[in-house]
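Visitor: Okay, here's the structure, questions in a sec.
The values are calculated or read from the model by the stated rules, or taken from the named source; none is laboratory data. If you're wondering where the values come from, they're calculated on a predicted model, not measured in any experiment. Cβ sites come from the backbone with ideal geometry, for glycine too, and all protein chains shown count toward neighbours. Just so you know, the surface numbers come from the protein's heavy atoms only, side chains and all, with ligands and any DNA or RNA stripped out. Shrake-Rupley method; radii C 1.70, N 1.55, O 1.52, S 1.80 Å.
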Amino acid sequence: MSARANALSMPVDDTAIEKLVDEAIAAAPDCLRRRIILPAIDWSEVSPSKVAVLLSTLAQSRLAVPRWLSKLLLLAGHALPEDVEPTLTPGLVALNRINCAGGASQQREALSGMLPGLCADEQLEGDVATILVQKFAALGWDAEAARLALAQQHRVPGILKRVGKALGAHIERLPNVRLRLTGSSTTQTLADEFKPAFAAKGWRADVMQADFGTMLADLMRPAEDADAHIVLLDLEGFAAQDWRRPAADAFALLTERANNLAAALREFSTRSQAPLLINTIPVPAAPTAGFLDRSHTMGLRRAVDLINRHILDTADQSNHIIVIDADQALADLPVREQSDSKLWYYGRIAYSADAARMLARAFADAWSVLKCGPAKVLAVDFDNTLWGGVYGDDGVEALACGEDFPGNAFRALQAECLRLRQQGLLLVALSKNNPDAITAFQRHAGMLLQPDDFAASAINWEPKPENIRRVAAELNLGLESFVFLDDSPHEREAMRRLCPEVSVPEMPADPAERPLWLRRLTSTWPLRLTAEDETRAALYAARREAQNAKAGAVNFEDYLNGLEQRLAVSLVSKKTLPRVVQMHQRTNQFNLTTLRSTEADISALIESEARGMALVGRVRDKFGDHGLVVTATVEITGTEAVVQSLLMSCRVIGREIERAFLGALIEELKRRGVTRVSGDYIATRKNAMVKDFYASCGWQPAGGDEARSGWVFNIGDMESPQSRFVALDWEA
Amino acid sequence: MDARSPTVLSYPELVAIFADIFQYTDTLTAETSPDDVATWDSLQHIALIRTLEMTYSIRLSMDEMMEIRSVGDIENVLRRHGV
């Protein structure tokens, strides 16, 4: 016997350990505060009655069970009281339900409601997912175990092993897809990953691998019995560098290789009607021409760009070649972990195990979109999805949506909706509200979407699954082409339960994460954009090129001229007041007096036209709407006026907006019979940029010092400031 | 004691790993090698290396990948990594 084995076989003194655990539980409140001892205990060895003592000790000290402790207890198989659940992640809630019930059949039904959410949860912790699968399998809930493991396998390595034998049986029952796989290096590891990746999308992948090194031949003589052809490309296997050749020769050779690949792809598309999925070559892990890698012919990155360009151009000409962007597919993996050098040297395996798993997933995603078609309808909720806040409770003015935090995150999601609309998706409004909620898009200045952007709407208090069925009938589209976005987990669960055909992704709880999340939602990715989209894009591109050619070397004035800026000036109203007050509170740099006026101050000013006025300006240019960005308040006494505050958001600084706005302000004062305007510059630590603003607009100095200088403008005698780069509109 | 004792494994997890990767369920000893395990070929060797790296949170080198020719070799490598 070895010494180690001896040590292991020695009996452990259970009573001593138990005493230690008892004492730790008695001292739980102090241990918890310092986060000591409790994390080290193996809770699966501790009896439920002792865990109950622990929980009541904490309750007596009025200490909430922190999530880390809940997680340790749940992973160890203990049940927690229901009142802890609100602090838990969905995965831990599911685990708690299982620990509580111990496999009762009605529990299985309840959990199957949670299952799609857990499957789609990109934040589900790996250890929790693994334990859940293990428990499902142990309870004999094979379907649940297989579904969760397959859905999470791209994030949680090893989770498939927990399903056990049931996995094979589950996959065996799926409809099959015959995949012909070829590549520029060893394809075996990718082939292995295809089984789980395609099963996660509901397909059984039967993979036929081409012989090593036969990629081009295989493309030009495509196998006939394949539903899809897959090409796994890598740089080293496709075009290894030969440094004995002069760089120019080597590059010519590389170009020839790329041409050969393109020719083989073209040959494929004339000979086969089956789709072909090919990946681009990802960014190289290290350059061969250092700083020049992307520009010089010796650079790997330049070689990669060249090959990828050939692939993309060829795919553009064909209607059944789909290109997988490897950089996108591998984006969550650092470049140096995308390959494992020892595997390359061992067996010409170009991608690491993690990378192969991610690529397999990308191929399976593309196949799935190809087979089922991309989504056709985006059905969206209103409250706390398209805007922050609740229309019915808060009123339209209080809804968060616009240029400023946090409304800008909601506005960004609206922009994504418009993007998808432009790519051919129909938008459907699906909101539990009174029907007039649709008017919020017109009545709230920050909204990007407008009521007529929606192809259909169901805004009422009926259940959303019923509404979506009605809309689907109205649009004459199947539910399987719908994607449903809703911030409420309950609405999502109800939709999944009652309309399982609808795709219901787990939208992140944080509105800031949603716009990018929506971009990554592969079910909305277009395979082709329609000819109309393409001609329109081409038209824009041609016009832009013509403009560039005309401009030649573009200077700053040309730039300003080309912006097509419009400044719409209006008197501050009830509607714009909150934004004006917010600007007064927040603006530091372009702010002449840094007067922090409140809502009451400005309200008083706008109520009496004789004694003062408040102006606000909205800026639009050809790139979009910048919103309300410039404002001023003025006190008027007879023919004299004093500018109390004048400030502008930094996002439009340096574009002569300020000049045009001051001109508009003077015009309005003139109209009201004012002949002389004065204003101060009050220095702060942050507003040095406007020290000379009045001077630059032609105003005369009127005393003062560095800290506070006075300026005057005689209307009539002096030329009013204006800008030829800003078109001015007055709005009522 | 001889570390290559035919009956005692220092790393009992290997039994499950071998069952999993090679479907090998016979008794595992330090001497067990590709000669005994029909499916332990050069391709499945990669799966073995990958599983060892994942199970023990280590990273094996090219030399170690070559060095492993038996269960005893695996145990030596694991011991060297302080597992």
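Visitor: Computed on protein heavy atoms with a 1.4 Å probe, what is the summed buried accessible area for the chain pair B and A, in Å² to the nearest 100?
Guide: For chain B against chain A, roughly 1400 Å² becomes buried.
Visitor: On the protein heavy atoms, probe 1.4 angstrom, tell me the percent of accessible surface of chain A carried by carbon and sulfur. All intermediate terms of the calculation are to be shown ahead of the outcome.
Guide: Values: 18470 of 35830 Å².
Ligands and nucleic acids excluded, carbon and sulfur give 52 percent.
Visitor: Further, regarding this structure: From the Cα trace of chain A, what convex hull volume per residue do you get, rounded to a whole Å³?
Guide: On the way: hull volume 191.7 nm³, N = 732.
That works out to 262 Å³ per residue.
Visitor: Give the ranking of A:Lys135, A:Lys575, A:Lys464 by solvent-accessible surface, highest area first, calculated with a 1.4 Å probe. Before the final figure, lay out each step's value.
Guide: Values: A:Lys135 50, A:Lys575 125, A:Lys464 5 Å².
Per-residue accessible area, sorted high to low, gives A:Lys575, A:Lys135, A:Lys464.
Visitor: Peptide B:53-66: average number of partner chain Cβ atoms within 10 Å per residue?
Guide: On the way: counts 2, 3, 1, 0, 0, 0, 2, 1, 2, 6, 1, 1, 4, 2.
Neighbouring Cβ atoms belonging to other protein chains average 2 per residue here.
Visitor: Then there's this: Once the cut-off is 25 Å, how many percent of the Cα-Cα pairs in the range A:296-399 end up in the long-distance tail? Write out the running numbers ahead of the final one.
Guide: Numbers: 2656 of 5356 pairs.
Tail of P(r) above 25 Å: 50 percent of Cα pairs.
Visitor: Taking the Cα centre of each part, how many Å lie between the range A:602-652 and the range A:405-456?
Guide: Using only Cα atoms, the two centres lie 29 Å from each other.
Visitor: Taking the Cα centre of the range B:12-81 as origin and charging only Cβ (+1 Lys, Arg; -1 Asp, Glu), how large is the dipole, in debye to the nearest 20? Provide the component values of the computation, followed by the final result.
Guide: Numbers: 5 positive and 13 negative charges, 57 e Å.
About 280 debye.
Visitor: Follow-up question, since we're still on this one. Which of the listed residues, A:Ala326, A:Ala400, A:Pro526, is farthest toward the dipole's positive end in chain A, when Lys, Arg count +1 and Asp, Glu count -1 at the beta-carbon?
Guide: Going by the charge dipole, the pick is A:Ala326.
Visitor: Please compute the average number of Cβ atoms from other chains found within 10 Å of each residue's Cβ in peptide B:45-51.
Guide: Details: counts 2, 11, 4, 0, 5, 7, 4.
Mean partner shielding for this stretch: 5.
Visitor: Using 19 Å as the Cα-Cα cut-off, could you pick out the over-long pairs in A:Lys19/A:Lys50; A:Lys50/A:Lys71; A:Lys574/A:Lys622; A:Lys432/A:Lys464; A:Lys71/A:Lys135?
Guide: From A:Lys19/A:Lys50; A:Lys50/A:Lys71; A:Lys574/A:Lys622; A:Lys432/A:Lys464; A:Lys71/A:Lys135, over 19 Å: A:Lys574/A:Lys622.
Visitor: Determine the order of A:Tyr694, A:Tyr391, A:Tyr345, A:Tyr559 by accessible area, beginning with the largest, at a probe radius of 1.4 Å.
Guide: Values: A:Tyr694 0, A:Tyr391 25, A:Tyr345 160, A:Tyr559 100 Å².
I get A:Tyr345, A:Tyr559, A:Tyr391, A:Tyr694, largest accessible area first.
Visitor: Also, quick follow-up: Among residues other than A:Lys691 whose Cβ falls under 14 Å from its Cβ, what is the net charge (Lys/Arg +1, Asp/Glu -1)? Walk me through the intermediate numbers first.
Guide: Details: positive: A:Arg685, A:Lys686, A:Arg708; negative: A:Glu658, A:Asp680, A:Asp692, A:Asp705, A:Glu706.
Counting the neighbours of A:Lys691, the net charge comes to -2.
Visitor: If you don't mind, there's one more thing I want to ask. Just to verify a number: what accessible area does A:Arg204 come out at with the full protein assembly present, 1.4 Å probe, Å² rounded to tens?
Guide: Near enough 40 Å² of accessible area.
Visitor: Determine the per residue accessible area of chain A with all protein chains present and a 1.4 angstrom probe, expressed in square angstrom. Walk me through the numbers on the way to the answer.
Guide: Details: 35830 Å² over 732 residues.
Per-residue accessible area for chain A comes out at 49 Å².
Visitor: I've got another one for you. Could you sort the peptides A:113-124, A:714-725, A:178-189 by per-residue average Cβ neighbour count (10 Å cutoff), highest mean leading? Don't jump to the answer; show the numbers that get you there.
Guide: On the way: A:113-124: 18.0, A:714-725: 14.3, A:178-189: 22.8.
Final packing ranking: A:178-189, A:113-124, A:714-725.
Visitor: Follow-up question, since we're still on this one. Between the helical axis of A:14-26 and the dominant principal axis of chain A, each derived from Cα atoms, what acute angle in degrees is found, rounded to the nearest 10?
Guide: Taking Cα atoms only, the helix is inclined about 20 degrees.
Visitor: I'd like the accessible area for A:Glu564, computed on protein heavy atoms only with a 1.4 Å probe and all protein chains in place. Round to 10 Å², please.
Guide: Per-residue accessible area (A:Glu564): approximately 110 Å².
Visitor: Which of rounded, prolate, oblate describes the range B:12-81, given a ≥ b ≥ c as roots of the alpha-carbon gyration tensor eigenvalues and a/c under 1.5 marking rounded, otherwise prolate only if a/b is larger than b/c? Display every interim value, and only then the final one.
Guide: Details: a/c = 1.42, a/b = 1.36, b/c = 1.04.
Rounded, because the longest to shortest axis ratio a/c is under 1.5.
Visitor: If we count every other residue with Cβ under 10 angstrom of A:Lys342's Cβ, Lys/Arg +1 and Asp/Glu -1, where does the sum land?
Guide: On the way: positive: B:Arg59; negative: A:Asp340, B:Asp63, B:Glu64.
Summing Lys/Arg as +1 and Asp/Glu as -1 gives -2.
Visitor: Tell me the angle of helix A:464-475 to the major Cα principal axis of chain A, expressed in degrees between 0 and 90 and rounded to the nearest ten.
Guide: Around 80 degrees separate the two axes.
Visitor: For the range A:672-732 and the range A:222-282, what is the separation of their C-alpha centers, rounded to whole Å?
Guide: Centre-to-centre (Cα) distance: 65 Å.
Visitor: Then there's this: Would you be so kind as to identify which of A:Val616, A:Ala289, A:Val46 lies farthest towards the positive end of the dipole of chain A, taking Lys and Arg as +1 and Asp and Glu as -1 on Cβ and the Cα centre as origin?
Guide: So the residue we want is A:Ala289.
Visitor: Please give the residues from the range A:147-196 for which the solvent-accessible area of heavy atoms, probe 1.4 Å, is smaller by at least 20 Å² with all protein chains in place than with the chain isolated.
Guide: A:Pro157, A:Lys161, A:Gln188
Visitor: Here's another thing I want to ask about it. Out of residues 5 or more away from A:Gln644 or on other chains, whose amide H comes under 5 Å of its own, with H placed 1.01 Å from N in the peptide plane?
Guide: The list, which skips near neighbours in sequence, is A:Thr633, A:Val634, A:Glu635.
Visitor: To the nearest 10 Å², what's A:His490's accessible area with a 1.4 Å probe?
Guide: Per-residue accessible area (A:His490): approximately 150 Å².
Visitor: To the nearest 20 Debye, how big is the dipole of chain A about its Cα centre, given +1 on the beta carbon of each Lys and Arg and -1 on that of each Asp and Glu?
Guide: Values: 81 positive and 94 negative charges, 171 e Å.
The dipole of chain A has a size of about 820 debye.
Visitor: If you add up the charges near B:Pro34, with Lys and Arg at +1 and Asp and Glu at -1, over every other residue whose beta carbon is less than 12 angstrom from its beta carbon, what do you get? Before the final figure, lay out the partial values.
Guide: Values: positive: B:Arg69; negative: B:Glu31, B:Asp35, B:Asp36, B:Asp41, B:Asp73.
Computed value for this residue: -4.
Visitor: What are the ³J(HN,Hα) couplings of the range A:291-298, residue after residue, when phi is run through the Karplus curve with 6.51, -1.76, 1.60 and θ = phi - 60°? Round to Hz, x for glycine and proline.
Guide: 4, 9, 4, 8, 10, 7, 5, 8
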